[in-house]
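For reference, the structure discussed in these notes is given below.
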Amino acid sequence: MSGGLILVVEDNALNMKLLRDVFRSQGYRVVESVTVEDGLDVARAEHPDLILMDIHLPGMDGVSALKKLKADPKTSDIPVIAVTASAMPMERKEIIAAGFDGYQTKPLSVKELNGEIRSVLESRAQGSSDR
Ligand code: MN
């Protein structure tokens, strides 16, 4: 999906910069939100190919955001990868159970991130060719 659009919802400026640099260097376009509220608006308006969602955000958190995305027919088919600083087993379990398509922990590993993005996008491409 060269040239595809990735929405990053992240309130930490350094992580945002890392994600932006990684995606842009691979030819993706990046749109950025620092709050869920703004991110939901962008997701509905631009229908990105993938969303990277920080879990700990000011205002609404990333898990609540995922529920809203999945409940809206305009955004329910967009794959969402969770990003969180916490690697606590309980929280990881909750995040997977919430229905995220993938999961990355901070500090982010560019290699792991790339692998996960590729696997999510490839499984999407195999699953549906009609969008
Ligand atoms: Mn955060």
Quiz item: What strands (runs of 3 or more DSSP E) completely inside the stretch 34-125 contain at least 2 residues that are free of Cβ contacts under 8 Å to residues at least 60 places away in the same chain and in contact with a Phe, Trp or Tyr (Cβ under 9 Å, 6 or more places away or on another chain)?
Solution: 50-54, 80-84
Quiz item: Condition test on ILE55, is it touching a helix residue (DSSP H, G or I) at 6+ places or on another chain (Cβ under 7 Å) and within 12 Å of the ligand (Cβ to nearest atom)?
Solution: yes
Quiz item: Would you pick out the residues in the stretch 23-65 that are open to solvent by 40 Å² or more (accessible area, probe 1.4 Å) and at positive phi?
Solution: HIS47, GLY59
Quiz item: What number of residues within the stretch 1-20 satisfy the criterion of being in a helix (DSSP H, G or I) and either open to solvent by 70 Å² or more (accessible area, probe 1.4 Å) or within 14 Å of the ligand (Cβ to nearest atom) (or both)?
Solution: 7
Quiz item: Of everything in the stretch 58-85 that's out of contact with any helix residue (DSSP H, G or I) (no Cβ under 8 Å at 6 or more places or on another chain) and within 15 Å of the ligand (Cβ to nearest atom), which residue is nearest to GLU37 (Cα to Cα)?
Solution: PRO58
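The values are calculated or read from the model by the stated rules, or taken from the named source; none is laboratory data. This structure is a prediction, so every number in the text was calculated from the model and none was measured. FYI the Cβ positions are ideal-geometry reconstructions off the backbone, even for glycines, and counts take in every protein chain you see. What goes into the accessible areas is simple: the full protein's heavy atoms, side chains included, and nothing from ligands, DNA or RNA. Shrake-Rupley method; radii C 1.70, N 1.55, O 1.52, S 1.80 Å.
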